[in-house]
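Enquirer: Sharing a structure here in structure tokens format.
The values are calculated or read from the model by the stated rules, or taken from the named source; none is laboratory data. Just so we're clear, the structure is a prediction, and the values are computed from it rather than from any experiment. Please note: Cβ atoms are built from the backbone with ideal geometry, for glycine as well, and neighbour counts cover all protein chains shown. Each accessible area value is taken on the protein alone, full model and side chains, heavy atoms only, with ligands, DNA and RNA left out. Shrake-Rupley method; radii C 1.70, N 1.55, O 1.52, S 1.80 Å.
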Amino acid sequence: MRRYYLGVDVGATKSQALVADDAGRALGFGESGPGNPVSIGYASFAEVLRAITQKALSSAEIRLDDIAGAGFGIGGYDWPSQREPILDAIHSIGLKAPIEVVNDALIALLAGASEGWGVAVVAGTSCNCWGWDQDRREGRMTGFAWLGEAAGGQELVFKAQQAVALEWTRRGPPTRLTPAFVELAGARDTTDLLERLTLKRIRLGAEAAPVVFEVAAGGDPVAQAVIRWAGCELGSLAVGVIRQLNLEAQAFDVVLAGSFFYGSPLLAVTMGEVIHAVAPGARLARLQVPPVVGGVLLGMETGGTKASAIREALFVSTAELLA
């Protein structure tokens, strides 16, 4: 008899659910908008879960009661006190199968690490970093930019805006970021740009990160330095988790997950320099599948199926399903 598993990835910008069977065949997929329970509240979080799960079940042509195990990666799940309300929201959708709930960085780790443990650095609008050792002992960041863990798209753009202001005030060198941001904002000149930004008439957030990457690719040394700054910060997050888990002398994967890593090769190069100074055996690996695949693998483990045996089949079938 076939057994079915559910994986869920809830994030700050989108949420996804994936259903697969015990042979590694991806059968159903559902997607919706933001689901971080801290941002939208637990009632809305439950509604997002219900919507994406139902979409995945419908496309797989199975019922919720057919699920034998489920794994949830929840963005914003950072502290033990959040576990009970998150579980209450999950149970409210009627799921009766065994479940496990982790921070969303850990399902990215499961999806991207060849041995199922190591470190995952997630970077998109913002960033986070968690890890597991071989015994599933956990290492992690706080998940909050204001506590010094900031190197995603919005922080990159903030740093680039500082470079523009440094040029304007004659405290820093000229940079092609200045005309690029003037054009992007539709400003008359640099003064007009800075006036609008400082008076909050306009806002340049993570959506402007591709401009920074483009200017850097054109050879601008200031833009390149901004990207290297981000790479150092992200590498530092990984180093913190490596030290927490005593992985310095081991060989393991550091999974790079999130759209931010597609912006510039300088990010991974710089991260590698920072990480390898502490853990020479670390292998940087770009995540090649959606993190929700890691949710399915976690669901399989929770439901008693050996996930490693069907891992590659699941990767292939998920790519085919989402093509």
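Enquirer: Hey, residue 273 hits all of (1) within 19 Å of the chain's Cα centre (by Cα); (2) under 30 Å from residue 224 (Cβ atoms); (3) in a helix (DSSP H, G or I) but one; which does it fall short on?
Expert: Going through the list (1) within 19 Å of the chain's Cα centre (by Cα); (2) under 30 Å from residue 224 (Cβ atoms); (3) in a helix (DSSP H, G or I), residue 273 breaks only (1).
Enquirer: While we're looking at this one, here's another question. Based on what the data block shows, is residue 176 surrounded by fewer than 14 Cβ atoms within 10 Å (Cβ to Cβ), basic (Lys, Arg) and in contact with a helix residue (DSSP H, G or I) (Cβ under 8 Å, 6 or more places away or on another chain)?
Expert: Taking the combined requirement at face value, the residue does not satisfy it.
Enquirer: Among the residues of the range 148-183 satisfying the criterion of being modelled with pLDDT under 95 and part of a loop (DSSP other than H, G, I, E, B), which is farthest from the chain's Cα centre (by Cα)?
Expert: 148
Enquirer: Another question, if that's okay. When you go through 85, 37 one by one, which is the residue that is open to solvent by less than 10 Å² (accessible area, probe 1.4 Å) and out of contact with any Asp or Glu (no Cβ under 9 Å at 6 or more places or on another chain)?
Expert: Matching residue, one of 85, 37: 37.
Enquirer: Still on this structure, I have one more. Scan the range 32-55 for residues that are within 21 Å of the chain's Cα centre (by Cα) and under 14 Å from residue 6 (Cβ atoms) and report the count.
Expert: 3
Enquirer: Hey, can you tell me all the residues within the range 274-298 that are under 26 Å from residue 56 (Cα atoms) and aliphatic (A, V, I, L, M)?
Expert: 287, 289, 292, 293, 296, 297, 298
Enquirer: Tell me which residues, restricted to the range 230-257, are assigned to a loop (DSSP other than H, G, I, E, B) and either buried (at least 23 other Cβ atoms within 10 Å of the Cβ) or among the hydrophobic types (A, V, I, L, M, F, W, C) (or both).
Expert: Hits for the range 230-257 are 245, 247, 249, 251.
Enquirer: Same structure again: Which numbered condition in (1) in contact with a Ser or Thr (Cβ under 7 Å, 6 or more places away or on another chain); (2) buried (at least 22 other Cβ atoms within 10 Å of the Cβ); (3) within 19 Å of residue 319 (Cβ to Cβ) is the only one that residue 25 fails?
Expert: (2)
Enquirer: Checking residue 227 against (1) open to solvent by 20 Å² or more (accessible area, probe 1.4 Å); (2) not in a loop (DSSP other than H, G, I, E, B), only one condition comes out false. Which one?
Expert: (1)
Enquirer: As an exercise: evaluate residue 260 against (1) surrounded by fewer than 21 Cβ atoms within 10 Å (Cβ to Cβ); (2) within 17 Å of the chain's Cα centre (by Cα); (3) among the aromatic types (Phe, Trp, Tyr) and give the number of the one condition it does not meet.
Expert: Here residue 260 clears every test but (1).
Enquirer: Sticking with this structure for a sec: Can you name the residue in the range 90-118 that is open to solvent by less than 10 Å² (accessible area, probe 1.4 Å) and touching a Phe, Trp or Tyr at 6+ places or on another chain (Cβ under 7 Å) and, of all such residues, is nearest to residue 276 (Cα to Cα)?
Expert: Ranking the qualifying residues of the range 90-118, first place goes to 118.
Enquirer: Also: Considering only the range 134-147, how many residues are modelled with pLDDT of 95 or more, surrounded by fewer than 20 Cβ atoms within 10 Å (Cβ to Cβ) and part of a loop (DSSP other than H, G, I, E, B)?
Expert: The total comes to 4.
Enquirer: Tally up the residues in the range 135-164 that are on the phi > 0 side of the Ramachandran plot and of a type in the set (A, V, I, L, M, F, W, C), please.
Expert: 0
Enquirer: Working only within the range 311-323, note down all residues that are open to solvent by 30 Å² or more (accessible area, probe 1.4 Å), closer than 23 Å to residue 260 by Cα and in contact (Cβ under 8 Å) with a residue 12 or more places away in the chain.
Expert: The answer is 315, 319, 322.
Enquirer: Any idea which residue in the range 290-310 is most open to solvent (accessible area, probe 1.4 Å), counting only those that are more than 20 Å from the chain's Cα centre (by Cα) and not β-branched (Val, Ile, Thr)?
Expert: So the residue we want is 306.
Enquirer: Give all pairs with beta carbons closer than 6 Å in which a residue from the range 136-160 that is over 21 Å from residue 215 (Cβ atoms) and in contact (Cβ under 8 Å) with a residue 60 or more places away in the chain meets a residue that is buried (at least 21 other Cβ atoms within 10 Å of the Cβ) and of a type in the set (Asp, Glu); count only pairs at least 6 apart in sequence or on separate chains.
Expert: So the pair list comes out as 141/149.
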